[in-house]
Every structure is written in structure tokens, then in C-alpha cells.
Amino acid sequence: MATDTPGSQSSLHRANLERVLRAVRMAGSLTQAEIARGTGLSAATVSNIVRELKESGTVVVADTSSGGRRARSVSLSGDAGIVVGIDFGHTHLRVAVGNLAHRVLAEESEPIDVDVSAAQGFDRAEALVDRLLQQAGFRPDKVIGVGLGVPGPIDVETGALGSTAILPGWTGIAPGRELAERLGMPVHVDNDANLGALGELVWGAGRGLSDLAYIKVASGVGAGLVVNGQIYRGPGGTAGEIGHITLDEAGPVCRCGNRGCLETFVGSRYLLGLLSTTLGPDLSLPGVVELAHQGDLGCRRVIADAGRQIGTGVATLCNLLNPRRVILGGDLADAGELVLGPIRDSVARYAIPSAARQLSVVPGTLGGRAEVLGALALVMSEMDDSGPVGRSVQASVARP
Ligand SMILES: [Zn+2]
């Protein structure tokens, strides 16, 4: 019988194998040269491991070209397992079913009411997961795991949603545990900003990077921080609460109980309040963005001012974490340069020049899908704990 003590040949081999699998899983598909670069393993070792994984049916290898030269791309077999992503938002429920080769096989979104109870929300999610699995032609026992996104901080110790969550009826509920019992599948849960960051890192505007911040501006304001290729959550799970940076001690009272937080100046309720006297009470944030694109001066001014305030928060983030890229998500991101320009102006004004110089501020490329795709990526990144978690690999990944 093979011994498996740390440092033995077989444990080293297994660790290398897991590193290769993880790199391929997080990138979707990689050439053997990219696997070697990303894992630090020699070309010969990678070649041996890929052959072994191919023989066992775990990966598939296809001819491709890389930089004009012929290469072989490695991706996980479509039969290797199914992952499910569920994203609960302020007004929507979105579910996606994908495989480990990064193909989204079925995806659907439906509106939900903000006052929906947790039980009703889970009923809807359960029904949608069942339907999409059927649509994709897979039985529930093929599902390796479920990623669940919720719009609020998750307490690391209890798994419960914090009191500042956007869904008021959900406070104190442990959504991961609840859903795992209902579905009979392992569930990994995280907040929407972290999942947006993971989604853009694996599928979108952050591909190939290892340090970025995803800032979601919608009803609330939050950030997902990727440091060294991993989501940084902090010991309590509340890292990235950029919306609660104090801008004005005498400012409006925030839902967190503090005053003058960034969120009280750029959250959708505040922005809509500024425009309700001139444009009426039925306005939505997407509506404001559309009017701004059409040239409405009031909407443009409100969006530009929000951008300047967000930029103040981004400048602080830059000075602390020095990310390579800040990706803007949420409804406000659709304003494009109308909001990105003022964000960049504030960063240039308030961040340390050396931190700002390397930074690019861009809109997300996944739109409203960032969180649900991030939920799929969460399952892939939590699949095993060995090896360098979430190591960033330069990759040429097929778009979802
Ligand atoms: Zn606050």
C-alpha cells in the first residue's frame, strides 16, 4: 500500500495534481505552458499530469493556437460535475447551472419583491434550480456544489445574515444552512459584492489579474476585494464595507447607525431622492442612467457627483490595498464615462500618486450576471482546500 506521509513521492504527486486541476478549474481552459507558468511546475511534470488526467477522463485536451504557435488547451471534462449559482438581489433572483469547463448550461432570472420572506425566497430558488437542472439534462446527484449570493454581510461564525442586509425579513437567518437542507447539496454562501468580484475575476473584466476591487453601487454600496488571487474577507467576514466609510460626521443617518457614510451619498435611495422633486417619485436608478445618456442635465450632475464621492472611497482603498484595477458594478456602472470620469478625477486628487498610477478604473463586463457567475466560481474555488487557493493564472478563457 502506498504511504502518504507529507513529503513522500505520492503526496507530492497528489499535491501537484491538485494544483494543476485547480488552475484549470479556475481558468476554464489553459495551455500546458500556461499551466506550468501558473503553478510553477516544470513542463515535463505538467505534461505527465495532464496525460494522467486525460486517461482518467477528468480533462479533455484540444488543439489550439497560442501566440501564433500550435498549442494544446486543457479543460475539465464537461461530465466532471455540475455547479449551481444562486443570486438573491434586492429585486431579483437569478440562477445559473454550469459545468466545470466554465460553460453556462442554463440560466434564468425572475423578479422578487424586497419584502419577500426568506422561506418564500428559498421556495422560489428551489423550484428554479429544479427547472434549470432539468433543462440542462442533469440529475441533482451530478451537482458538486451550490454557490449562494446574498445582499448583505454573512457572519463567519454563525453563517447568519447581518442586520444591515438589504432584505429586511432575512436578518438572523443562516441562508446557506437552510438551502443546503432543502436541496440536499453542499452550499457555499457569500455576499453579492464578493461574488461580483469573483465573477469578474474569473469570467470578466478582471481576468488574469490577482489584485482588484469590485465596487457595487446599487441600493447599497459594497466592495469585493481580491488580494493575491483570493477574496479577502477578514476574520469576521465584513471586509470591503466601503459604503460605510465616513465622509461627513454630521451627514445623514445611515442604515448602519452611523452618520454621513459614503452610502448615504451614493446609494440609489439618496440619488433618487435628489431627483424626485424635478422628475417625479417613480424614477429608478436605471431610469436615471438612461436619462443621463439622453442628456438630462440634472441626472448627469447627480451621477457625476456620485462618481466624485465614490472616487473618494476608491482613493482610500487605493492607499490601503494598491489594487491593479477597480471594477465598477451595479446599476450605476451603466452610466459609463459619466460616472467613471469623476471617479478617476477624485482618485487623482486624493490617492497617493504612486498608488493611483498603476490603477485602472473600468466598468464590469458581466452586468447583472456578475454575481451569479461569481457564485459558480465560488463553488469551483471552494472545491478543495489544498494547493494555492485561487492562484491567478493568465488565461485565455472562453466567454460564458
Ligand atoms: Zn453606514
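Read the figures in this text as sums done on the coordinates, not as results from a lab. Predicted, not measured: the structure shown is a model, and the values here were computed from it. Note that each Cβ is placed from the backbone with ideal geometry, even for glycine, and that neighbours are counted across all protein chains shown.
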Indicate, rounded to the nearest 5 percent, the antiparallel portion of the DSSP beta bridges found entirely in the chain.
65 percent
Roughly how many debye, to the nearest 20, is the charge dipole of the range 169-238 about its Cα centre, given +1 on each Lys and Arg Cβ, -1 on each Asp and Glu Cβ, and no other charges?
0 debye
Using only alpha carbon positions, build the gyration tensor of the range 210-330, then give the equivalent ellipsoid semi-axes as the square roots of 5 times its eigenvalues, largest first, whole angstrom.
27, 17, 12
To the nearest 20 debye, what is the magnitude of the charge dipole of the chain about its Cα centre, counting +1 on the Cβ of each Lys and Arg and -1 on the Cβ of each Asp and Glu?
1480 debye
One finds the C-alpha centres of the range 340-360 and the range 262-279 to be spaced, in Å, by 25 Å
To check you understand DSSP bridge types, tell me what percent of the beta bridges within the range 1-103 (both residues inside) are antiparallel, rounded to 5.
100 percent
Where in the chain are the DSSP H helices whose alpha-carbon span along the long axis reaches 30 Å or more and whose Kyte-Doolittle mean is at least -0.5?
297-321
Rounded Å value of the spacing that divides the Cα centres of the range 98-120 and the range 166-204
11 Å
